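Heads up, the thing below is written out as structure tokens.
Every read-out reported here was derived from the displayed coordinates using simple, explicitly stated rules and does not represent laboratory data. Since the structure is predicted, the reported quantities are computational estimates derived from the model, not experimental observations. Here Cβ is always computed from backbone atoms with ideal geometry, including for glycine, and neighbour counts include all displayed protein chains.
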Amino acid sequence: MSAFRGGLGRGLSALIPETKSSPGQTAASLLHVAPGQIRPNPRQPRQYFDPTALRELADSITEHGVLEPLLVTELPLSDSGVQEYQLIAGERRWQAAKLAQMPRVPVIVKEATPQQILQLALIENVQRADLNPLEEAGAYQQLHHEFGLTHEEIAKHVGKSRVTVTNSLRLLSLTGAARHALVDGQISEGHGRVLLSLPTEAAQLQLLRKVLERHLSVRQTEDLARRMLAAGTAAASAARSDDLSGHLAHELQAMLGTKVSLNRGARGGRLTIYFYSDEELDGLVRRLQR
């Protein structure tokens, strides 16, 4: 099996037991079973298999066979006494073998816990770069929620940094539109992380539209996000100032018994007190003098 890209450590080789052939045995580590005896992995992180690529792999299997064994674990015997297996890793090869109508496929049988089944499937897909960013994040989320693994422990298992795992999980918080754009390849993980820097869903959608319309790079998206955040902060500050001015004007109006308006500027402002007769003016002056 080829070495893992991206420093995935020992990867699958650390979890698949090496077997030695006994005298008189050949390929003792392998079994050859019918594809129909294999059940899909319920914890398979990968959700999408490109039909064209699957057909091409099936054509290759028809000509050359399945060159790399599938990894499976035994299931209890069926009522008919047939031994069945649950797939751990190699679903794409298994689907292509069925498409190619192969009578037998090579498998390595391994005892595995549900957690190991998910880990092995995840490691294989990460090795092959087969997962889209949200599928990878979903697998990390399963390891965290279902098996209680910390981000640090997940990173150790899959051979990535803790920051990479944490950033991947954050992508699951994207809006639906952003998630679709990420899966479709319209935006990158970098774009997704910038979108998450904005505080509201409306702001994220506004930025996403601009990214798609203008084909912005990640750096350009970061610059635009910073400008949006700065504008939002200024608007929030102005809104707070307006609220305070309105409250003070209301208090002055109640105290003086007449209409009052308060307009604040960057420096200072203007306070206007209204009166509607000379008598009312005299009364206001007396109140102010007190």
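Listing MET255, MET228 from fewest to most neighbouring C-beta atoms within 10 Å gives MET255, MET228. Taking 0.36 nm per residue of sequence separation and removing the Cα-Cα distance, the PHE147/ARG270 pair yields an extension gain of 38.0 nm. Taking amide H as placed 1.01 Å from N in the peptide plane, the amide H of ILE38 sits under 5 Å from that of TYR85, each at least 5 places away or on another chain.
As a length-normalised measure over Cα pairs under 8 Å and 6 or more apart, the relative contact order of the stretch 42-105 settles at 37 percent. Cα centroid separation, the stretch 198-216 to the stretch 146-161: 31 Å.
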